[in-house]
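Data block below; observations after.
The values are calculated or read from the model by the stated rules, or taken from the named source; none is laboratory data. Predicted model only: the values in this text are computed from it and were never measured. As a convention, Cβ positions derive from the backbone with ideal geometry for all residues, glycine included, and neighbour counts pool all protein chains shown.
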Amino acid sequence: MKTDANQPAVQHCPGCTGHQHLLSRRRFLAAGSGCILGALGVAAGAEAAKVPTVDIGTLKDFAEDGISEKFTKDDFFVLRHQGKLFAASTTCPHMGNTLRLDSQDATRILCGNHGSTFDGEGMVQVGPASSGLVRLGISVSAAGKVTVDPNKQFPQEKWEDKACFVEIP
Ligand code: FES
């Protein structure tokens, strides 16, 4: 087999089907899985490149509880759930597949790779994923503008951090 010396050798984790190894920069940051990092030869602790923050509008743009796909091009969902607004990565916490809204049930997010599902808060409903969606930094200005910072990431054990949700008055 012919190989290109300029390209990193891609090796997949056991059980990985080789999906989604060509990730956008934001998705790469959100994934953080050993599979992807190992495939690209990134050393643990390496500092990731910064990506721009994303202006997602105002709280009025998210007037009801639910899951918005409007910013999946930026690699996150916007979730409004019980008085809080979150940005949640579109990268599956299991093995890095790109998630999507369930076309049959708009209250849940699906992984098409191994079938994990997540609710409107980003919690796992069905595995094999064992943790909820990684949340991103989110803030609201005095003028009401809501901004998501993909450089700040909060796995489920850090969801209490006030930097990963906005309270809706
Ligand atoms: S990649 Fe396995 S459930 Fe999503």
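Values for this structure:
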quantity	calculated
Residue in region 8-28 that is at pLDDT 95 or above, loosely packed, with under 15 Cβ neighbours inside 10 Å and over 20 Å from residue 139 (Cβ atoms) present	no
Which numbered condition residue 63 fails, given (1) touching a residue at least 24 places away in the same chain (Cβ under 8 Å); (2) away from the ligand (no atom under 14 Å from the Cβ); (3) exposed (fewer than 15 other Cβ atoms within 10 Å of the Cβ)	(1)
Residue in region 141-157 that is out of contact with any Leu (no Cβ under 9 Å at 6 or more places or on another chain), of a type in the set (D, E, K, R) and without any contact (Cβ under 8 Å) to a residue 40 or more places away in the chain present	yes
Filter result for residue 119 (more than 16 Å from the ligand (Cβ to nearest atom) and surrounded by fewer than 22 Cβ atoms within 10 Å (Cβ to Cβ))	no
